[in-house]
Amino acid sequence: MVMQLQWRAYRFVLQPPMLTASGPWSERCGWLLRLDDPQSGRLCWGEAAPGPAEHALCAAALSALPSELSAGELNDQLSTLPGPVAFAIGLALAELEGLEGDGWLPAPASAVLLPAGGDAIPALQQSLRRHEGNASAFVAKWKVGVLDCERELHVLEQLLEQLPLGAQLRLDANGGWDRVTAGRWAMRLQQEPKLQWLEQPLPPRDHAGLLALAKRLPVALDESLRDAAGVPVGWPGWLVHKPALEGDPRPLLQQLQIGAPRRMVSTALETGVGARAVAHLAALASRGPTPCAAGLAPGWGASGDLASPNPLLVWEAAGR
Ligand code: MG
């Protein structure tokens, strides 16, 4: 049974640009996938939302894909495709197979994503005002490794001071620290009750360094999940999944459905098509044995019709 694949490029501006340890990111580009199954008349959707470094690789993979393939042929191709393209196809196939069950679950509570650098302080104050009276459920995430270490540690003290009792902070170094810098932060944070975790403090290849840090304080791995170096054997900490970058989402969907522990599901700043699936996976994680705030970066992704939960509206908006 042959299905038709149509891809449509989209782009939107990240406003303000997202500052990360690997530089500023100001424009989000990707592709929507519309999968038509003429046999059943069903229309299923996917999205390829690569980071800037993988964009060219995904573009090449898309241009090499035929526009008509059977579900079996699509499944056979998945392992050879870049992660974001395999996610798009796997997601459309998941929908074709009805794996969302009774419907896509709504997004669970998410951590607030603070801007990097000193701008985090007023942003935290603003977010806390919005969450007044509910501090125990408040989690903020702050990207570090952007300023120099001294200035950033100074901002950290102010953030911790602002956080009420029960609220928590995640710090994300995006693998940008060396062992000396990570050690300085660990020294400050290892007894800090307001720290939820350090996210990817060291590059994925430094397994020994990551395992040693995880003995001192809570550590979550993010980039390690998508790096050739992989997750260290026996990793005791959290795993931050960005499903849109990790290929076919069906295995993760199954793991979360049976209650895999210490998983956090995070956005890669998708449109409404990818976000619908990411929210579903995050909701499954929040119903699992170790619930925690999801990483859905509220307010940072697409807006308007591109952010719609209705894939047809997203498709139309991408074409404008
Ligand atoms: Mg991260």
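Derivation of every value follows stated rules applied to the coordinates shown; laboratory data play no part. Computed from a prediction, not measured in an experiment: that's the story for all the values here. Glycine also receives a Cβ, built like all others from the backbone with ideal geometry; neighbour counts cover every protein chain displayed.
List the longest stretch of the chain that has no exposed loop site; here a site is one of the GluC sites (Glu not before Pro) assigned by DSSP to anything other than H, G, I, E or B, with at most 15 other Cβ within 10 Å.
Counting only loop sites that pass the neighbour cut-off, the longest clear stretch is 133-320.
Compute the signed sum of charges (Lys and Arg +1, Asp and Glu -1) over the other residues within less than 9 Å, Cβ to Cβ, of Pro203. Mind showing how you got there, number by number?
Numbers: positive: Arg205; negative: Asp178, Asp206, Glu223, Asp227.
Taking every other residue near Pro203 into account, the sum is -3.
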Any idea what angle helix 179-189 forms with the longest principal axis of the chain, computed on alpha-carbon atoms, 0 to 90 degrees, nearest 10? 70
Local net charge near Met1, Cβ-Cβ under 12 Å (Lys/Arg +1, Asp/Glu -1): -3
Highest-fluctuation residue, Pro16, Pro115, Pro249 considered, GNM on the chain with Cα pairs under 10 Å: Pro16
Using only Cα atoms, find the angle between the long axis of helix 55-64 and the longest principal axis of the chain, and express it within 0 to 90 degrees, rounded to the nearest 10. 10
For segment 58-104 and segment 177-247, compute the distance between their C-alpha centroids and round to whole Å. 30
The set of residues whose placed amide H lies less than 5 Å from the amide H of Gln168, leaving out same-chain residues fewer than 5 positions away, is Phe138, Val139, Ala140
Diagonalise the Cα gyration tensor of the chain and give the resulting equivalent ellipsoid semi-axes, square root of 5 times each eigenvalue, largest first, whole Å. 35, 20, 19
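If you put +1 on each Lys and Arg Cβ and -1 on each Asp and Glu Cβ, how big is the dipole of the chain around its Cα centre, in Debye rounded to 20? Walk me through the numbers on the way to the answer.
Numbers: 26 positive and 32 negative charges, 158 e Å.
So the magnitude is around 760 debye.
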With everything on Cα atoms, drop me the angle between helix 83-96 and the longest principal axis of the chain, reported from 0 to 90° to the nearest 10. 60
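Restricting to DSSP H runs of at least four residues, report the calculated mean residue ellipticity at 222 nm for the chain, -39500 (n - 2.57) per run over all residues, nearest 500 deg cm²/dmol. Don't jump to the answer; show the numbers that get you there.
Numbers: 10 runs with 109 residues, N = 320.
About -10500 deg cm²/dmol.
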To check my understanding: the extent here is largest minus smallest coordinate of the Cα atoms along each principal axis. What are those three numbers for segment 112-286, in Å, largest first? 42, 39, 25
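In debye to the nearest 20, how big a dipole does segment 157-238 give about its Cα centre with +1 on each Lys and Arg Cβ and -1 on each Asp and Glu Cβ?
On the way: 9 positive and 10 negative charges, 50 e Å.
Dipole of segment 157-238, to the nearest 20 debye: 240 debye.
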In order through segment 306-311: 3J(HN,Hα) via Karplus (6.51 cos²θ - 1.76 cosθ + 1.60), integer Hz, x for Gly, Pro: 4, 9, 5, x, 8, x
